[in-house]
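Since every read-out is calculated from the coordinates, none of them should be taken as a lab result. All values derive from a computational prediction rather than experimental measurement. A quick note on method: Cβ atoms are made from the backbone with ideal geometry, for glycine too, and the neighbour counts reach across all protein chains shown.
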Amino acid sequence: MKGMKGMMELKRILGRKIGIVVLVLVTVAALLGCAKEGIADIDNGELRFEEITTIEVTRMLPIDDEVIRLNDEEIKDFVSLVNSFELKRDDEAQSDKIGTPFVFTLEQPDGSETTLQYFDNILTVNSKDRYRISEGDGTMLMDYCDRVYQYEPELVKICRQYINEKKTFSAKAVNIDYSIYRIEEMTLDDYKSAAFITDEKVTEKKISDYRMVTVGDTQPDEIGMHNYAVLLVDVKNKVVKGYAPTK
């Protein structure tokens with residue numbers, strides 16, 4: 001009987017351990033399945049970055065830094081452009097961060113980031129490796145950046161800055177696609193229905209001074225999250241005055 005009980009206890013312990021192992025494997029598989037796949041690869045001589053998932057472009061302004069998160073097509077266009085450059089390694093080249101018009105932050109699936117700083121036809125990688133590009137390549141890069149910023153209307157830029165600065169949006173701000181947006185005029189009933197969180201006193205007389213701006217994709221993603229925000233913008237003074245709660 002003792003032998004039989006021992007066998008049963010051993011089976012019970014083994015069964016529990018196997019269950020834990022299976023649970024761990026399932027969890028790992030789920031996490032891997034949620035990881036975002038790379039969109040494109042930079043492969044130009046020594047300049048190699050595989051499986052790029054996101055790129056943020058920071059335009060250095062005298063007062064504040066303006067950041068734009070590229071959509072998938074813009075990422076592919078940027079990578080194609082960089083892969084076409086004729087690069088010459090020149091670690092002695094001078095690169096002035098203060099005069100840098102654009103900084104590109106590239107992210108890979110494991111969360112690692114790489115920065116490409118552009119200044120006077122010099123691409124500086126992670127503040128150390130420097131590559132000289134031709135004036136023609138530099139012009140194409142500047143034209144590309146100008147197009148990216150031009151596509152985003154002023155009200156969307158105002159909303160982006162507000163979201164990036166406000167803690168309320170910190171959890172989902174990095175996932176909002178600002179290339180998807182809707183700018184709407186409102187009636188007072190529309191304003192009340194949105195239930196904006198604001199200290200602004202909006203009246204029927206002043207309603208024409210405001211717009212309701214929705215930025216991001218209102219369709220839920222694969223895990224049911226809605227990556228968008230609805231904001232109340234004072235178009236007269238060009239400032240966000242509040243936001244509507246979203247699920």
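Over 29 Å between C-alpha atoms is what I'm after, so list which of Lys166/Lys206; Lys167/Lys205; Lys76/Lys238; Lys167/Lys238 land there.
With Cα atoms farther than 29 Å apart: Lys167/Lys205; Lys76/Lys238.
In Å, what is the Rg of the alpha-carbon atoms in the range 48-245, and how long is Dmax?
19.5, 63
Over the range 48-245, what is the mean sequence separation of C-alpha contacts under 8 Å (at least six apart), divided by residue count, expressed as relative contact order in percent?
15 percent
Where does the charge balance sit around Glu92 when Lys and Arg score +1, Asp and Glu -1, over other residues with C-beta under 11 Å from its C-beta?
In short, +1.
So what are the ³J(HN,Hα) numbers for the range 73-84, from phi and the Karplus equation (6.51, -1.76, 1.60; θ = phi - 60°), rounded to whole Hz, Gly and Pro as x?
5, 5, 4, 4, 5, 5, 4, 4, 5, 5, 5, 8
Check Asn121: other-chain or 5+ apart residues with amide H under 5 Å from its amide H, H built from backbone geometry?
none
Where the only charges are on Cβ atoms (+1 Lys, Arg; -1 Asp, Glu), what is the dipole of the range 48-245 about its Cα centre, to the nearest 20 debye?
Dipole magnitude for the range 48-245 comes out near 740 debye.
Along the Cα→Cβ direction, 7 angstrom out, place labels at Asp72 and Thr114. What is the inter-label distance in nm?
Computed distance between label sites Asp72 and Thr114 equals 2.2 nm.
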